[in-house]
Amino acid sequence: QVQLVESGGGLVQAGGSLRLSCAASGRTFSNYAMGWFRQAPGKEREFVAAINWRGTSTYYIESVKGRFTISRDSAKNTVYLQMNSLKPEDTAVYYCAASAGAGYSSPTNYNYWGRGTQVTVSS
């Protein structure tokens, strides 16, 4: 089992920044690729970003490229999502997830999920 706890969400004005953190505990953190998803009211859960287990490859949805950065610190068992130039359409609950297998963009690729943290961007 891997337990994931997100933090760092909040209310920010458009153009602002937030850094989300996801602390992992349980099985060896470095064995898992990590991803961030988000879900806005009335919409399906959407892939945002992922990072491989070594931290050498990253993947992003097109709409966040150049604005968001995913990173991981294996010494702290933590993955981060730095979000800059935030837009109202980024408003959602953001979830951290861990994947033991291949693939990164579908929720079905992931084995463990956090409970989410709310991000609200005002215009």
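The values are calculated or read from the model by the stated rules, or taken from the named source; none is laboratory data. Because the structure is predicted, anything quoted here is derived from the model rather than measured. As a convention, Cβ positions derive from the backbone with ideal geometry for all residues, glycine included, and neighbour counts pool all protein chains shown. Accessible surface is based on the protein model in full, side chains and every heavy atom, while ligands, DNA and RNA are left aside. Shrake-Rupley method; radii C 1.70, N 1.55, O 1.52, S 1.80 Å.
Given the structure, is Gly42 farther than 16 Å from Val2 by Cα, part of a loop (DSSP other than H, G, I, E, B), open to solvent by 60 Å² or more (accessible area, probe 1.4 Å) and of a type in the set (Gly, Ala, Ser)? For Gly42, the condition - farther than 16 Å from Val2 by Cα, part of a loop (DSSP other than H, G, I, E, B), open to solvent by 60 Å² or more (accessible area, probe 1.4 Å) and of a type in the set (Gly, Ala, Ser) - is met. Set side by side, the residues Thr69, Thr56 differ, and just one is assigned to a strand (DSSP E or B), of a type outside the set (D, E, K, R), more than 19 Å from Arg115 (Cβ to Cβ) and without any contact (Cβ under 8 Å) to a residue 24 or more places away in the chain, which is Thr69. Between Arg27, Arg19, Arg54, which is charged (D, E, K, R), over 20 Å from Ser106 (Cβ atoms) and modelled with pLDDT of 95 or more? Arg19 is the lone residue from the list that is charged (D, E, K, R), over 20 Å from Ser106 (Cβ atoms) and modelled with pLDDT of 95 or more.
Does Tyr110 satisfy the criteria of being over 15 Å from Val64 (Cα atoms) and open to solvent by less than 40 Å² (accessible area, probe 1.4 Å)? Judged against the criteria, Tyr110 is a match. Looking across the range 12-39 at every residue that is part of a loop (DSSP other than H, G, I, E, B) and in contact (Cβ under 8 Å) with a residue 40 or more places away in the chain, the one that is nearest to Asn84 (Cα to Cα) is identified as Ser17.
One line per residue, one yes/no per condition, for (1) outside any loop (DSSP other than H, G, I, E, B); (2) under 19 Å from Glu6 (Cβ atoms); (3) open to solvent by 50 Å² or more (accessible area, probe 1.4 Å); (4) at pLDDT below 95:
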| position | (1), (2), (3), (4) |
| --- | --- |
| Leu81 | yes, yes, no, no |
| Ser85 | no, no, yes, no |
| Glu89 | yes, no, yes, no |
| Ala102 | no, no, yes, yes |
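Listed by first and then second residue, the pairs linking a residue in the range 107-123 that is in contact (Cβ under 8 Å) with a residue 60 or more places away in the chain to a residue that is assigned to a strand (DSSP E or B) and open to solvent by 90 Å² or more (accessible area, probe 1.4 Å), with Cβ atoms under 6 Å apart and 6 or more places separating them unless they lie on different chains, are Gly114/Val5; Thr120/Leu11; Ser122/Gln13.
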